[in-house]
Amino acid sequence: MSQAGDDKVQEEQLLPVQDTQLQSEQQQQEQQRMERRQDDKRVDLVTALPVELGIRILSFITTPKQLLRCGQVSRRWSQLAEDDSLWRDLCRTRWADKVDHPLELHPRVDYTNMADELSVREIKALLRRRKADMRGCIEKSDMVALLKRTTPASRRSATGGPSGRRRTLLPRLMRGVL
């Protein structure tokens, strides 16, 4: 009987501990329910606004990376972030200093076929980059002639090309055969 009495005492001691654990679990569950309700009550302001205002808000973003991140928030934000006007503005600010960047023709390219189409300014720039002596060149025709004279030799003509190698190797092979 003493054992039954001990069990009864242990049960009575454990009941308050179990009750407090049960109450704390219930409180946690209730708190989670309240948080879910509050989340349901939250409204995305950008989604609630008209499209034009949402785009206007996103127009204050300064980098493409930030705009891409905003597009990951929700489907609505993604639609707004894909607007062409936002990306056009970002491109304009990013490439603003490149608008008047002059096109420079590469000095090692053969422009003889299109020399007549090049402007005097372009021909002069090419000749300067080729370090050609332009003294005595007054007219465009003089500059075109100098441009043709300073045209770098193509690889094929400078090395003899594959056909030139065959001509030199063939007699050597023939000597070994005979």
Pseudo-spin-label distance T150 to Q32, built 7 Å along Cα→Cβ, given in nm, is 7.9
Expected unfolding gain across S74-K131 under the 0.36 nm per residue rule, minus the alpha-carbon gap, is 14.6 nm
Extension gain M114-E25, at 0.36 nm per residue separation less the Cα-Cα distance, in nm? 23.6 nm
Cα-Cα pairs above 16 Å in the range 40-142: how many percent? 69
So for R0 = 25 Å, FRET eff. of L45-T93 from the Cβ-Cβ r, to 0.05, ends up at 0.45
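Each reported figure results from applying straightforward, stated rules to the coordinates on display, with no laboratory input. What you are looking at is a predicted structure, and each value in this text was computed from that prediction instead of being measured. Virtual Cβ from ideal backbone geometry, glycine too; neighbours counted across all protein chains shown.
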